[in-house]
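What follows is a single structure, written as structure tokens, with notes after it.
The values are calculated or read from the model by the stated rules, or taken from the named source; none is laboratory data. In this text the structure is predicted, and so the values were computed from the model without any measurement. Note that each Cβ is placed from the backbone with ideal geometry, even for glycine, and that neighbours are counted across all protein chains shown.
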Amino acid sequence: MALGDILKKIEGDADKDAHAVLEQARLKEKELLAAAQKEAGALTRSILEGANIQSQKERMRALSEASMKSRLLVLEEKHLLIEEAFAKAVEAMSKVDKKEYDVIRKKMLAMASETGEEKIEEYPGGGFILRGEESSVDMTFPRIVEELKPRLISEVAKILFK
């Protein structure tokens, strides 16, 4: 399976997962807002006798707090989905067939080698660490994805949450 096909499959799976988790987060958000509105309504009735203005302030505060909590919950879920997408990318990279891996490995070696005499330590999860006399270069798949993450995170988020 080509790397492009793997990435499309991951993207599709991640998209399905993202929609399911976002739906759950939206339901939770509705529950939180309903509970907050119920709480705000109860507060309003009890305070109305003495201070109508104060009760409105409390109601708005409760709604605002519930809204912030629900947005935070959605953001946390989105962050988890993005991290999961990157983890799946590493997993998919480690599962490429030998022929494709050899092509990728040669390119990575050409990029990382300084002298051509470095020792290659294969990494079980894909990639390698190139060790020279005075330096080493980490070309493991997890490290490469981690390095690319800041540049790709917005694109991944757009794909997941369109």
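Output yes when any residue across the stretch 120-129 is over 30 Å from Ala35 (Cα atoms), of a type in the set (Ser, Thr, Tyr) and more than 30 Å from the chain's Cα centre (by Cα), and no when none is. Write out each step before concluding.
The first filter runs over the stretch 120-129 and keeps only residues over 30 Å from Ala35 (Cα atoms), leaving 120-129.
Right, trim to of a type in the set (Ser, Thr, Tyr) and you get 123.
The next check asks that each one be more than 30 Å from the chain's Cα centre (by Cα); those that pass are none.
Within the stretch 120-129, not a single residue is over 30 Å from Ala35 (Cα atoms), of a type in the set (Ser, Thr, Tyr) and more than 30 Å from the chain's Cα centre (by Cα).
Give Leu33, Leu7, Leu27 a once-over and let me know the one that is assigned to a helix (DSSP H, G or I), in contact with a helix residue (DSSP H, G or I) (Cβ under 6 Å, 6 or more places away or on another chain) and either of a type outside the set (S, T, N, Q) or modelled with pLDDT of 75 or more (or both).
Leu33
Considering only the stretch 14-40, state which residues are touching a residue at least 40 places away in the same chain (Cβ under 8 Å), surrounded by fewer than 14 Cβ atoms within 10 Å (Cβ to Cβ) and among the acidic types (Asp, Glu).
Selection gives nothing.
Out of curiosity, is Glu84 modelled with pLDDT of 90 or more, in contact with a Phe, Trp or Tyr (Cβ under 7 Å, 6 or more places away or on another chain) and among the charged types (D, E, K, R)?
no
So Lys98 fits all but one of (1) under 28 Å from Gly12 (Cα atoms); (2) basic (Lys, Arg); (3) touching a residue at least 12 places away in the same chain (Cβ under 8 Å); what number is the exception?
So Lys98 meets the others, but not (3).
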